[in-house]
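Enquirer: Sharing a structure below in C-alpha cells format, with a few things to ask.
The values are calculated or read from the model by the stated rules, or taken from the named source; none is laboratory data. Note that the structure is a prediction, hence the values are computed from the model and not measured. Please note: Cβ atoms are built from the backbone with ideal geometry, for glycine as well, and neighbour counts cover all protein chains shown.
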Amino acid sequence: MSITLSKGGRLNLTKKEPALKKIFIGLGWDVVSNNTIDLDASIFMVNAAGKVPADEYFIFYNNLKSPDGGLQHTGDNRTGLGDNDDEIILANLPAINHNIKELIVVVSIHEAQQRNHHFGLLSEAYVRIVDVESNREIVRYSLDQNNARDTDMEFGRLRLEENEWHFVATGAGAQKGLQGYVDMYV
Ligand SMILES: [Ca+2]
Ligand SMILES: [Ca+2]
C-alpha cells in the first residue's frame, strides 16, 4: 500500500521495503488550461557537506546519468501531456557512491519567468517513489495548492542514515529557478 505524505512527512523506505534496491522517482503533471508547461525533475546527489562532489552528480535534462551509475534520468518531457509519470529518474541504491548522503529532488518550471508560468497553472503535480521490481508505489507526495505562485520546489529528499534510506517530503516552494538550486548545491 502506498503512503501519501504531506509537507514535512517522513518515511523509512528501508524499513517499509527491506529488499529495496532499484526504485524510480516519477514526476507527473497536468495543466488546467491550454498552456504548455515544461516541468523538469532534477536530483542533486550531495555529500555530508551538502554539496555535489562533482558537477556530474547533478542529474538533470542535460546530464542524464551519474558517474557511479546510481541514477539515470530517462529524458526530458516538455509538455506533461498524458497520464502517469511524465519524467522518471531511475535509482539503483546500492550503486550510489558511498560519499553521497542525500538525493535532493527538485522540480522546476523551465523558463518560468519568461513565460509567466507558475504552479497555479497546474491541475496536478506529484512526485512518487516506486519499487522497480514489484512495480509497487511506496510513497507519493502531491503539490500543495498553497504553492500556487511558486515556480520551483524542493519536493523531497532521499536521505541515507545508518544504511537506511528515508524519504522526507520537504515541499519547500520558491521562485529562484533551477539555477538557484545549482548555486546552493553545486
Ligand atoms: Ca521537462
Ligand atoms: Ca501528465
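Enquirer: Evaluate segment 73-88: report whether one residue or more is surrounded by fewer than 21 Cβ atoms within 10 Å (Cβ to Cβ), among the basic types (Lys, Arg), at pLDDT 95 or above and within 16 Å of ligand 1 (Cβ to nearest atom).
Expert: Among the residues of segment 73-88, at least one is surrounded by fewer than 21 Cβ atoms within 10 Å (Cβ to Cβ), among the basic types (Lys, Arg), at pLDDT 95 or above and within 16 Å of ligand 1 (Cβ to nearest atom), which makes the answer yes.
Enquirer: In this structure, is Val139 more than 16 Å from ligand 2 (Cβ to nearest atom), surrounded by 14 or more Cβ atoms within 10 Å (Cβ to Cβ) and at pLDDT 95 or above?
Expert: On the way: more than 16 Å from ligand 2 (Cβ to nearest atom): yes; surrounded by 14 or more Cβ atoms within 10 Å (Cβ to Cβ): yes; at pLDDT 95 or above: no.
Criteria not met by Val139.
Enquirer: When the residues of segment 89-125 are filtered to those that are among the polar types (S, T, N, Q), surrounded by fewer than 20 Cβ atoms within 10 Å (Cβ to Cβ) and on the phi < 0 side of the Ramachandran plot, which remaining residue is farthest from ligand 1 (Cβ to nearest atom)?
Expert: Here is the first cut: in segment 89-125, the ones among the polar types (S, T, N, Q) are 92, 97, 99, 108, 113-114, 116, 123.
From the residues that got through so far, the ones that are surrounded by fewer than 20 Cβ atoms within 10 Å (Cβ to Cβ) too are 92, 97, 99, 113-114, 116, 123.
Going one step further and asking which of them are on the phi < 0 side of the Ramachandran plot, we end up with 92, 97, 99, 113-114, 123.
Values: Asn92: 22, Asn97: 26, Asn99: 28, Gln113: 16, Gln114: 15, Ser123: 17 Å.
It comes out as Asn99.
Enquirer: Okay, next question. Got at least one residue in segment 47-68 being more than 16 Å from ligand 1 (Cβ to nearest atom), surrounded by 16 or more Cβ atoms within 10 Å (Cβ to Cβ) and assigned to a strand (DSSP E or B)?
Expert: Looking for residues that are more than 16 Å from ligand 1 (Cβ to nearest atom), surrounded by 16 or more Cβ atoms within 10 Å (Cβ to Cβ) and assigned to a strand (DSSP E or B), one finds none in segment 47-68, hence no.
Enquirer: Which condition does Tyr181 not pass, out of (1) surrounded by fewer than 20 Cβ atoms within 10 Å (Cβ to Cβ); (2) part of a helix (DSSP H, G or I), if it passes all the others?
Expert: Looking at each condition in turn, Tyr181 falls short on (1).
Enquirer: Which of the residues spanning segment 97-112 are touching a Gly at 6+ places or on another chain (Cβ under 7 Å), touching a residue at least 60 places away in the same chain (Cβ under 8 Å) and not small (Gly, Ala, Ser)?
Expert: Keep residues of segment 97-112 that are touching a Gly at 6+ places or on another chain (Cβ under 7 Å), which gives 97, 105, 108, 112.
This time we only want the ones that are touching a residue at least 60 places away in the same chain (Cβ under 8 Å), so: 105, 108, 112.
Of everything in segment 97-112, just one residue is touching a Gly at 6+ places or on another chain (Cβ under 7 Å), touching a residue at least 60 places away in the same chain (Cβ under 8 Å) and not small (Gly, Ala, Ser), namely Val105.
Enquirer: If you don't mind, there's one more thing I want to ask. Search segment 113-134 for residues that are farther than 12 Å from Leu27 by Cβ and assigned to a strand (DSSP E or B) and pair each with any residue that is within 15 Å of ligand 1 (Cβ to nearest atom) and among the aliphatic types (A, V, I, L, M) when their beta-carbon atoms are under 9 Å apart and the residues are at least 6 apart or on different chains.
Expert: If the second residue must be within 15 Å of ligand 1 (Cβ to nearest atom) and among the aliphatic types (A, V, I, L, M), the pairs left are Ser123/Val31.
Enquirer: Here is a further query. Hey, could you check segment 31-46 for residues that are β-branched (Val, Ile, Thr) and assigned to a loop (DSSP other than H, G, I, E, B) and say which is farthest from Ala148 (Cα to Cα)?
Expert: Taking segment 31-46 and keeping what is β-branched (Val, Ile, Thr), we get 31-32, 36-37, 43, 46.
Now narrow it down to the ones that are assigned to a loop (DSSP other than H, G, I, E, B): 32, 36-37.
Details: Val32: 12, Thr36: 16, Ile37: 14 Å.
Selected residue: Thr36.
Enquirer: Say we look at segment 87-109 and pick out the residues that are within 15 Å of ligand 2 (Cβ to nearest atom) and within 12 Å of the chain's Cα centre (by Cα); which of these is farthest from Phe24 (Cα to Cα)? Show your work before the answer.
Expert: First pass over segment 87-109, keeping only residues within 15 Å of ligand 2 (Cβ to nearest atom): 87-88, 107, 109.
Retained after the next criterion (residues that are within 12 Å of the chain's Cα centre (by Cα)): 87-88, 107.
Values: Glu87: 10, Ile88: 7, Val107: 15 Å.
Here the answer is Val107.
Enquirer: Just to verify a result, which residue in segment 37-79, among those that are within 16 Å of ligand 2 (Cβ to nearest atom) and polar (S, T, N, Q), is nearest to Leu158 (Cα to Cα)? Reasoning before the result, please.
Expert: Residues of segment 37-79 within 16 Å of ligand 2 (Cβ to nearest atom): 37-41, 74-79.
From what is left, the residues that are polar (S, T, N, Q) are 74, 77, 79.
On the way: Thr74: 19, Asn77: 23, Thr79: 26 Å.
Of everything passing the filter in segment 37-79, Thr74 is nearest to Leu158 (Cα to Cα).
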